[in-house]
Structure formats: structure tokens, C-alpha cells
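Colleague: Provided herewith is a single structure, encoded as C-alpha cells, for subsequent inquiry.
The values are calculated or read from the model by the stated rules, or taken from the named source; none is laboratory data. Computed from a predicted model, the values in this text were never measured in an experiment. Because the Cβ atoms are built from the backbone with ideal geometry, glycine has one as well, and the counts that use them run over all protein chains shown. When the accessible area is computed, the model is the full protein with side chains, heavy atoms only, and any ligands, DNA or RNA have been set aside. Shrake-Rupley method; radii C 1.70, N 1.55, O 1.52, S 1.80 Å.
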Amino acid sequence: MAYGETPSQTVGPYFAYGLTAGQYAYDFTDIADTTIAGPDADGEHIRITGRVLDGNGDVVNDAMIEIWQADANGAYTENPVDVASSGFRGLGRCGTGTDAQNRFYFDTVKPGVVADGTAPFVNVIVFMRGMLVHAFTRFYFDDEAALNAKDDILQSVPADRRDTLIAKRVETRTGVEYRIDIHMQGDAETVFFDV
Amino acid sequence: MSTFKPRDWGSHAPFIAPGYKSTILRGPTQAPLAIKSGLSEGTGPRFAPASVRKLDFDLTKNGITNGEPLGERIVVHGKVMDTDGRPQPDILVEVWQANAAGRYVHKLDQHDAPLDPNFRGSGRCMTDANGNYVFYTIKPGAYPWGNHFNAWRPNHIHLSLFGPGFATRLVTQMYFPGDPLLELDPIFLGTEDAAARERLISKFSIEKTEEGFALGYQFDIVLRGRNATPMEN
Ligand SMILES: [Fe+2]
């Protein structure tokens, strides 16, 4: 290894006017927001919501969550031209400081299966003041029990902690919502991955 | 596509670094579970050149309302590369920072220092074919924070990059050489390895300094490298 990695440092409390300007109503553009898939994207349109809780169980109001996911066909979109034509971005970013209950929320489509023997999921990164290094996790879906039971990575998680990765489907007046909270610590501490 | 080498935890801070008090209740207590990096981590968002507008790379101009921002004008140059020294082209670099007085535009920043009507403090740029990026800004001021009595953050600029994959995601801070606050700062010191910490400090460069206009700093950024063998699926 010729060069050492640049260390990670905290995103701090004041990221919003740089990273999530639109969501927080600052006068700047953003390169990602809470819409991962626009209305024209193929697939089942869903909303993913949840909260981030600290070691006291208090809801964190200055976290930033990012999601990177496959489209409804299980393909990752890396070409910005594809994004423009399909309405599927693949990337989402949301701060927990604007919702009345300090939830994160993403409008997207349910991802397809990326490879045989895996369950659908989204990749998640958690950033906040008080984290010097961001943490990777995943959200799986509770109505995919059969595929979840065959997913190598999910099955590599100790059985009593697997539930921390599984979002619960709820039918709401406005559509399908998957709900999942991220617990930084405690009995229900979310499983984080060394990716 | 190839997979990325594992994160070198020796170059990073632990999740819980008690000197930085907020980590105590916010850092995960259990070790992260190692997983083999695959398509999901090896891919990542790409950004069209159009996602960077004309003035996005010039923070001395992109927040102007009625004049020039106050403070010391600087130009920051850097190369984004991986641990094997390979330059990383077309990488989006997002930046944000306090103004010259140490005050953030953010609504929650209550520090008793003036806002500058001509400085917002956020921008972005992209690396060129050789991995080089550049942005213009005002040198940010130090500011107090509540971590402990008389705690002050050293001058710093926040930077955010995806790199070539979701696995290479990096959010960091660039510091300035010779800052006496560095050795007192629990965030900087959160990285236990002193040699790794040095990589967070930019270098003053007289070559990059622009005659009569702006002091030059160099801040190279090193992301995780790739494994030699491509992944199977
Ligand atoms: Fe800061």
C-alpha cells in the first residue's frame, strides 16, 4: 500500500446548507435528496421512513442518512444518462432535522434482487455529529421472508440481531411505507457492517 | 468491476472516542460485521459534469448579495487518489465551512460572530482526468463548541466524496498547517494514529499561491484501493 487512507471526520451538526440544501430550504442546489426514484421509474413505489435513536433512546435530530439501491430489476444505475431517462437515481440523502418527528424519509421503488440467492435490500450509511466514522448498514423487507431466509449476509448476522435490519411494511392512506428505526446502541442496537 | 480493499481501521477513529463527548451515546458499541464487498458496495453514484454549476467551485462568489466576502481568500488544490496512488477522475467533491469569523450559515449555529451577507460557505467541484480538483474560498475562522470548557474547533473545511463506489464513501475535514488548536481538538485527535492525522492537514504551497490574489493550499485525498482480482459474480 503506497498511501494511507485519509481519515474520516464527523459530518458535524451544520452539514445542511452544503449537503441537503433543498430539504432544509437553503439557497443552494443539491446532488441528491429524498427522492430515490421519481414517479416515472419502473417498480412498486414505496416510502422508507424511520428514526435514529441514541444510547439514551433519544431521537437524533441532526443525523444524515444515505441510501444506495438497485432499481426494480435489480440493477445499479451508475450512468447519469440512465438516471435522466428512467427517473431512477439509486441514491438518496435525507437529514433528520426537518420532519416533525425527526424521521428520515425516502420516496423510491422496491429494489429487485441483485444476484441469485440474495434478498432485496437497500444499502444505508449513517452520518451524524458524534460519529467520527460513518456506519454502513442495510434495510431488508419483512414481506420477503423466503428470500431473507436464503440471503447469505442476512443469515451471517446472529439470529437475535437480524430483526434490526428488517423494515416493516405498512399500508398507509398515501401508499406503501416500510418503517425501520436505527438504534445506535442498546438492546436493539442496529447491526452495522464493515463493508 | 473489482472490489475494494477493506477499510483500514488504523487510519480512522474508533466509533467511541470519549474525548469527543457526543460519540459516547452515538457510536455503535458492537464491532461492525465484516462482509465481502460485492456489486452493492462496489458500485456507486456517478455525477454528470452538469451537476456542478459555473460558480459552485468558487465560494468567494457563489454567495454574494452586495459585495465581496470578508476574510483571507484562498485556493485549495488537491488530488484524489486511491491507496495505490491511482488518480480518481470525475469524482464529485462537496465542501462546506464556516465564514472568516467562524460562523456557519446553518440556522442552528448560535455562535456570537457575524454572518457575512456575501458568503454562504458551501460549494462543490469535480476532479479532472488526472484526479485533480480545485476550489476557491475564504479561510474559515475557528469557533467555540460545547464539548468541554474553552473548546475551540481549529480552522477547517468539511469535504464529502463518494469516490468510485459506495464503499469508498468519505466525509472528512481539511485542516491548516501550524494551527495551535489541532493538538487540543478531540475531533482531530479522535484519529489515534499520528501519521494518519497528518493526512488531514493541508500544506501551504507558494506554487499554488496566486500572485496578488489568494494563498494556495494543497490537500490530497486518499480513498480505499481496489483488490487486484475482479469479483466473480
Ligand atoms: Fe465544522
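Colleague: Are there any pairs, at least 6 apart or on different chains, whose C-beta atoms fall under 8 Å, with the first in the stretch B:91-104 and in contact (Cβ under 8 Å) with a residue 40 or more places away in the chain and facing chain A (nearest Cβ under 7 Å) and the second open to solvent by 10 Å² or more (accessible area, probe 1.4 Å) and away from the ligand (no atom under 11 Å from the Cβ), and if so, which?
Modeller: If the second residue must be open to solvent by 10 Å² or more (accessible area, probe 1.4 Å) and away from the ligand (no atom under 11 Å from the Cβ), the pairs left are B:L92/A:I31; B:L92/B:F47; B:L92/B:S51; B:L92/B:V52; B:L92/B:M126; B:E94/A:I31.
Colleague: For the stretch B:70-88, does any single residue satisfy the condition of being within 12 Å of the ligand (Cβ to nearest atom), within 12 Å of chain A (Cβ to nearest Cβ) and in contact with a strand residue (DSSP E or B) (Cβ under 8 Å, 6 or more places away or on another chain)?
Modeller: Filtering the stretch B:70-88 for residues within 12 Å of the ligand (Cβ to nearest atom) gives none.
Within the stretch B:70-88, not a single residue is within 12 Å of the ligand (Cβ to nearest atom), within 12 Å of chain A (Cβ to nearest Cβ) and in contact with a strand residue (DSSP E or B) (Cβ under 8 Å, 6 or more places away or on another chain).
Colleague: Additional query: Given the conditions (1) more than 16 Å from the ligand (Cβ to nearest atom); (2) over 17 Å from the mean Cα position of the chain (by Cα); (3) modelled with pLDDT of 95 or more; (4) under 23 Å from A:R138 (Cβ atoms), which single one is not true for A:T10?
Modeller: (1)
Colleague: Please go through the stretch B:96-107 and pick out each residue that is surrounded by fewer than 23 Cβ atoms within 10 Å (Cβ to Cβ), within 12 Å of the ligand (Cβ to nearest atom) and at negative phi.
Modeller: Within the stretch B:96-107, the first condition is being surrounded by fewer than 23 Cβ atoms within 10 Å (Cβ to Cβ), and the residues that meet it are B:100-103, B:106-107.
After this cut, where a residue has to be within 12 Å of the ligand (Cβ to nearest atom) as well, the list is B:102-103, B:106.
Hits for the stretch B:96-107 are B:R103, B:H106.
Colleague: When residues of the stretch A:152-191 are filtered for being open to solvent by less than 40 Å² (accessible area, probe 1.4 Å) and within 11 Å of chain B (Cβ to nearest Cβ), how many remain?
Modeller: Of the residues in that region, 12 qualify.
Colleague: Another one. Among the residues of the stretch B:74-124, which ones are part of a strand (DSSP E or B) and within 26 Å of A:N61 (Cβ to Cβ)? Step through it out loud before you land on a result.
Modeller: The initial filter retains those residues of the stretch B:74-124 that are part of a strand (DSSP E or B), namely B:74-82, B:87, B:92-97, B:122-124.
Hits for the stretch B:74-124 are B:E94, B:V95, B:W96, B:Q97, B:S122, B:G123, B:R124.
Colleague: Is one or more of the residues making up the stretch B:54-71 modelled with pLDDT of 95 or more and assigned to a strand (DSSP E or B)?
Modeller: Yes, the conditions are met somewhere in the stretch B:54-71.
Colleague: Ok, one more. Outside any loop (DSSP other than H, G, I, E, B), farther than 17 Å from B:G44 by Cβ and touching a residue at least 12 places away in the same chain (Cβ under 8 Å), is that true of A:I67? So that I can check it myself, show each step before the final result.
Modeller: On the way: outside any loop (DSSP other than H, G, I, E, B): yes; farther than 17 Å from B:G44 by Cβ: no; touching a residue at least 12 places away in the same chain (Cβ under 8 Å): yes.
For A:I67, the condition - outside any loop (DSSP other than H, G, I, E, B), farther than 17 Å from B:G44 by Cβ and touching a residue at least 12 places away in the same chain (Cβ under 8 Å) - is not met.
Colleague: Does the stretch B:37-59 contain at least one residue that is more than 12 Å from every other protein chain (Cβ to nearest Cβ), within 16 Å of the ligand (Cβ to nearest atom), buried (at least 21 other Cβ atoms within 10 Å of the Cβ) and touching a residue at least 60 places away in the same chain (Cβ under 8 Å)?
Modeller: The answer is no, given that none of the residues of the stretch B:37-59 is more than 12 Å from every other protein chain (Cβ to nearest Cβ), within 16 Å of the ligand (Cβ to nearest atom), buried (at least 21 other Cβ atoms within 10 Å of the Cβ) and touching a residue at least 60 places away in the same chain (Cβ under 8 Å).
Colleague: Collect the residues in the stretch B:126-161 that are open to solvent by 50 Å² or more (accessible area, probe 1.4 Å), more than 16 Å from the ligand (Cβ to nearest atom) and not in a strand (DSSP E or B), keeping them in residue-number order.
Modeller: Those that are open to solvent by 50 Å² or more (accessible area, probe 1.4 Å), more than 16 Å from the ligand (Cβ to nearest atom) and not in a strand (DSSP E or B): B:D128, B:A129, B:N130, B:H148, B:F149, B:N150.
Colleague: Taking only the stretch B:188-219 into account, find how many residues are under 13 Å from the mean Cα position of the chain (by Cα) and among the polar types (S, T, N, Q).
Modeller: The qualifying residues number 2.
Colleague: Residues in the stretch A:49-62: is at least one within 9 Å of chain B (Cβ to nearest Cβ), within 16 Å of the ligand (Cβ to nearest atom) and modelled with pLDDT of 95 or more?
Modeller: For the stretch A:49-62, residues within 9 Å of chain B (Cβ to nearest Cβ), within 16 Å of the ligand (Cβ to nearest atom) and modelled with pLDDT of 95 or more: present.
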